[in-house]
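Heads up, the thing below is written out as C-alpha cells.
The values are calculated or read from the model by the stated rules, or taken from the named source; none is laboratory data. In this text the structure is predicted, and so the values were computed from the model without any measurement. Heads up, the Cβs are rebuilt from the backbone with ideal geometry, glycines too, and the neighbour counts pull from every protein chain shown.
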C-alpha cells in the first residue's frame, strides 16, 4: 500500500459518510487485495504479513467493511431484523473509528436477534468482514482449482460446469462418488484450525473466538441442510481453511503432481481421479472403480485432523450413465451421448411444485382445501418470487421444454383453484374476464399489467463457461472479471449465494 493510498484514506476519514467516494475506497481495497494475493502466490510471507498488518489499520478497509454489513441485503439475511431500522451515518463513522480486533465475539446461536442487540451484531459482523477481506486473498491464492463454494467470483454453476466437463465421454471419468462432510463430534478441532492457518497473536485469538461463538453452526456447515444460512461472514473462509489441501493429499497418494493443472490442462486430463468441492460437499470422478475404498479412506484420514469425516449415510457411488443427484441437479450421460445432460432432480421438481401449490391450497382437518378467500393478485404475488428464484437457479443448464411443462402445470393448477373459488357455471367466461391479460401479444395469467404471473420459460438459457484454470478474482484481470460478473445477473448471484 503506497503513500498516495494512505493520503487518500486520511482524506476519506475526515469527510462526512454521505460524501465518501466509494469508488475510490473500493479501488484502494482491491489494489491491496491484489498485492496480498500476489505475495501469497509467490510465497513471500514477509511481504504478505506486512500488507495485511497495514490493511488492518486502513480506513478504506474499515469503511468498506462497515458499509457492507449495514446494507439492506445483509440486515435482511439475519432473521428478525427488518430494514425499517435506521442506522445513522454518525454511528457508521464511529464504528469505523473503533473497529479493531478484540479477541471476543457475539454468539448468534445464543443471543436474541432484535433491535436492542443490533449494534453488537453489526460491530461483530463488521469485524468479521474486515478480517475476511484481508486474509481471503491469501487463501484464494492457495486453494485448489476445483474449489467453488464461497469463493470470490465463483458460483455453484461453476461446480456443475466442471462436473459436466470432467464427465464428458472423452475424459474417461465414468464413476462418481458424491459425499457430504460432517462433524465427528459436536465441534471441529479448533487447535487444528489455528495451527493450519499459521496466524498468531490477535488474529488467531479472534478466529478462536469466532469458533467458540459457533460461527460454523450458525451457517449450518457440515450438516445435510442446503441451502446454508448466511449469518456469519467469516464461516465460509473458516470452512475453506479447514478443508484446504484435501485434493492434494489424495493426489499425492496416487503419485500425482499437486496443482499440475496450473502448468497445463493436458497434464490435468491424465489424472486417474479429480475432486470437486462445493462448501461441505465433495464430488470425486474416477476412471477405475477398484480404488474407491482407498480414496474414501485417504479423505477420512485428512478430515480426521479437523474432527471431520465423510458421511457414510449420504455417500453414494454411481456410474455416470446411471446418473446421480447433486444439490438439486440430476447429472447423467446417456450411452448415445458424449456430453452429460443436466436436469432438476425429481425431488427438486416435486418440492418446487408443492411449494407453488401451497400458495393456492392449505391443510384443514387432515384434508387439502383450496384457499378460496385469497385474491388472484395475492396468489401471483406469492408465486412470482418462488418461480423466479427456482428458474434462476436452473436456467443455465435445463432444457426449455422442462420450463414450458412447469408453466403448463401451474397454469392448470391455478385454473382448477379458480373453479373452486368461484363455484359458477360460467367459470371459463369469468376466467377470461378476470384472470387473463394480453402481454406482448400473448395471453398471460394476471389481473393487470402490474400483476402478471411470471413464466419459467421466460428465463432464457445462457451458455455458461468456466473461468480458465488458475484464475482468481484477485489476480487483477479487471476486464475479464467485470465482463464475467456482468454476464451473471445480480439476481442470479443472490439466488446462488443463498
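Quick look at the values:
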quantity: Identity of the residue in the stretch 416-436, out of contact with any helix residue (DSSP H, G or I) (no Cβ under 7 Å at 6 or more places or on another chain) and buried (at least 17 other Cβ atoms within 10 Å of the Cβ), that ends up modelled with the highest pLDDT; calculated: 417
quantity: Single unsatisfied condition, residue 249 versus (1) touching a helix residue (DSSP H, G or I) at 6+ places or on another chain (Cβ under 7 Å); (2) surrounded by 21 or more Cβ atoms within 10 Å (Cβ to Cβ); (3) within 16 Å of residue 277 (Cα to Cα); calculated: (2)
quantity: Test: residue in the stretch 158-177 that is within 29 Å of residue 32 (Cα to Cα), outside any helix (DSSP H, G or I) and modelled with pLDDT of 90 or more; calculated: no
quantity: Yes/no for residue 277 being surrounded by 13 or more Cβ atoms within 10 Å (Cβ to Cβ), touching a residue at least 12 places away in the same chain (Cβ under 8 Å) and either more than 17 Å from residue 254 (Cβ to Cβ) or not assigned by TED's automatic domain parsing to the domain that holds residue 395 (or both); calculated: yes
quantity: Test: residue in the stretch 317-340 that is closer than 20 Å to residue 177 by Cα, part of a strand (DSSP E or B) and without any contact (Cβ under 8 Å) to a residue 60 or more places away in the chain; calculated: yes
quantity: Failed item in (1) out of contact with any strand residue (DSSP E or B) (no Cβ under 8 Å at 6 or more places or on another chain); (2) not in a helix (DSSP H, G or I), with residue 127 passing the rest; calculated: (2)
quantity: Residue that is farthest from residue 247 (Cα to Cα) [pool: residues in the stretch 306-319 that are out of contact with any strand residue (DSSP E or B) (no Cβ under 8 Å at 6 or more places or on another chain) and surrounded by fewer than 16 Cβ atoms within 10 Å (Cβ to Cβ)]; calculated: 313
quantity: Qualifying residue in the stretch 457-473 (condition: at pLDDT 90 or above and more than 23 Å from residue 159 (Cβ to Cβ)); calculated: yes
quantity: Every residue from the stretch 144-191 that is over 18 Å from residue 282 (Cα atoms) and out of contact with any helix residue (DSSP H, G or I) (no Cβ under 8 Å at 6 or more places or on another chain); calculated: 168, 169, 170, 172, 185, 186, 191
quantity: Count - residues of the stretch 39-49 that are surrounded by 15 or more Cβ atoms within 10 Å (Cβ to Cβ) and out of contact with any helix residue (DSSP H, G or I) (no Cβ under 6 Å at 6 or more places or on another chain); calculated: 2
quantity: Residues within the stretch 130-157 that are part of a helix (DSSP H, G or I) and either without any contact (Cβ under 8 Å) to a residue 24 or more places away in the chain or under 17 Å from residue 246 (Cβ atoms) (or both), tallied; calculated: 2
quantity: Single unsatisfied condition, residue 149 versus (1) under 18 Å from residue 237 (Cα atoms); (2) outside the structural domain of residue 318 (by TED's automatic domain parsing); (3) over 17 Å from the mean Cα position of the chain (by Cα); calculated: (3)
quantity: Answer residue from the stretch 474-498, given it is part of a loop (DSSP other than H, G, I, E, B) and out of contact with any helix residue (DSSP H, G or I) (no Cβ under 6 Å at 6 or more places or on another chain) and is modelled with the lowest pLDDT among those; calculated: 498
quantity: Breaking point among (1) over 23 Å from residue 458 (Cβ atoms); (2) out of contact with any helix residue (DSSP H, G or I) (no Cβ under 6 Å at 6 or more places or on another chain); (3) surrounded by 13 or more Cβ atoms within 10 Å (Cβ to Cβ), for residue 340; calculated: (2)
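Table: residues versus (1) touching a residue at least 40 places away in the same chain (Cβ under 8 Å); (2) over 14 Å from residue 355 (Cα atoms).
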{"residue": "376", "(1), (2)": "yes, yes"}
{"residue": "380", "(1), (2)": "yes, no"}
{"residue": "386", "(1), (2)": "no, no"}
{"residue": "401", "(1), (2)": "no, yes"}
{"residue": "405", "(1), (2)": "no, yes"}
{"residue": "409", "(1), (2)": "yes, no"}
